[in-house]
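Every number in this text was worked out from the coordinates using simple rules, so none of it is lab data. What you are looking at is a predicted structure, and each value in this text was computed from that prediction instead of being measured. Quick reminder, even Gly has a Cβ in these numbers, built from the backbone with ideal geometry, and neighbours come from all protein chains shown.
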Amino acid sequence: MTDELATVLDLVRYATSRFAAAGLVFGHGTAEPFDEAVFLVGEALELPTERMDLFYPARLTAPERTLVLGLIEERIASRKPAPYLVNRAYMHGLPFYVDERAIVPRSYLGEVLGSDMMAGEEHALLPEAPARVLDLCTGSGCLAVLAALRFPEAAVDAVDLSPDALEVARINVADYGLEERVSLFAGDLYSLLPPRARYDLILSNPPYVDAEAMAGLPPEYRHEPAMALAAGEDGLAIVARIIEGASRRLSPGGGLLCEIGRVRPALEDRFPELPFLWLDTEASSGEVFWLPAEALR
């Protein structure tokens, strides 16, 4: 039957049907079977996914068809997120290397970093572009890279507790030629940073999955490092420490930008005195907050 799958469109259609029938769970860069099919087929064939329609009539060679069909079946059998199968993920439209040593990058902060709300514009969060940025829980290093690209004069420090994740981050920093501007630290949040280092911007997409949600994670998410997801009973184990330590690391006029998923009620209960500014993105509401340095002091 698979011999009848001759074109790119045939493979996309076939993958869409197979993924839907298998009841796969998405959320690692795609939201439904068709998008997942386009991503997997496009990456396997090294085609630009944003222009896939131009290639739909193209016929596949026998080795190409074997490769794509193998990935489709592996996605179903293993339940691994598709980015792990092709070692590629995208954030804010830019490609990054990823493997199972680090969580699949996905963060609303990419959109915030790329927007006018960040710095140097009227009513922006920062009056001017930051000279020094800290990315906590950097994982694969994507946010650190995006920050370095967004603020070309800034020095960026990126921290993660996992040496394995930092190896992935090192690949991405090198891929973008940012070794001179992005420094990687293996440590627990602020603990191993230079003692006198102060930052105009601290950003973080930390672990924030609470215990109940961790217990119910579908197989796709269980392929990711648990330490990159789990954050205690209420999901605040890491976020609370980031907030509590930020005042000692922020420069005057700086601020903390953090993604916290769906634990906003618990966070506001924990810190009722803090004036959280909640930033909506195209796909989220109430999952990203901003705190100015003055409020934290």
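Bin all alpha-carbon pair distances of segment 186-297 at 5 Å intervals from 0 and give each bin's fraction as a whole percent.
Final binned percentages: 2, 11, 21, 22, 20, 14, 7, 3, 1.
To the nearest 10 degrees, how steeply does helix 62-78 sit against the main Cα axis of the chain, on a 0 to 90 scale?
The answer is roughly 60 degrees.
When only DSSP loop residues count, what trypsin sites (Lys or Arg not before Pro) in segment 185-232 have their Cβ near at most 12 other Cβ atoms within 10 Å?
The qualifying sites are ARG196.
Helix 8-22 sits at what angle to the longest principal axis of the chain, using alpha carbons and giving 0 to 90 degrees rounded to 10?
The two axes meet at around 70 degrees.
State, to one decimal in nm, how far the label point of THR61 lies from the label point of SER251, with both points 7 Å from Cα in the Cβ direction.
Spacing of the two 7 Å Cα→Cβ label points: 5.3 nm.
Tell me the volume per residue, in Å³, of the convex hull enclosing the alpha carbons of the chain.
131
If I fit a long axis through the Cα atoms of helix 33-44 and take the longest principal axis of the Cα atoms of the chain, what angle between them do I get, 0 to 90°, rounded to 10?
On a 0 to 90 degree scale, this one is about 80.
For the pair HIS223 and THR7, what calculated FRET efficiency results from E = 1/(1 + (r/R0)^6), where r is the Cβ-Cβ distance and R0 = 25 Å, to the nearest 0.05? Intermediate results must be reported in sequence, preceding the final value.
On the way: r = 31 Å, r/R0 = 1.23.
Rounded to the nearest 0.05, the efficiency is 0.20.
Please work out how much length the chain gains when fully extended from GLU167 to ASP269, using 0.36 nm per residue of separation minus the C-alpha to C-alpha distance, in nm with one decimal.
33.1 nm
Give me the percent of DSSP beta bridges within the chain that run antiparallel, rounded to the nearest 5.
Among the beta bridges of the chain, antiparallel pairing accounts for roughly 35 percent.
Which order, highest average first, do 172-181, 66-75, 105-114, 147-156 follow once you tally other Cβ atoms within 10 Å for each residue and take the mean per peptide?
Sorting 172-181, 66-75, 105-114, 147-156 by mean packing, highest first, produces 105-114, 147-156, 66-75, 172-181.
Under a plain spin-label model, where a point goes 7 Å from the Cα along Cα-to-Cβ, how far apart in nm are ASP35 and GLU128?
3.9
How far is the Cα center of segment 22-58 from the Cα center of segment 126-164, in Å?
Rounded to whole Å, the Cα centres lie 29 Å apart.
Per residue of the chain, what 222 nm ellipticity follows from adding -39500 (n - 2.57) for every DSSP H run with n ≥ 4, rounded to the nearest 500? Present the calculation step by step, with values, prior to reporting the outcome.
Working: 12 runs with 106 residues, N = 297.
Computed mean residue ellipticity for the chain: -10000 deg cm²/dmol.
Per-residue counts of other Cβ atoms within 10 Å, averaged by peptide: what ranking do you get for 261-273, 84-96, 30-42, highest first?
Numbers: 261-273: 14.7, 84-96: 18.1, 30-42: 20.0.
Ranking, from highest mean packing down: 30-42, 84-96, 261-273.
Report the label-to-label distance for GLU294 and ASP99 in nanometres (one decimal), using points 7 Å from each Cα along the Cα→Cβ vector.
4.8
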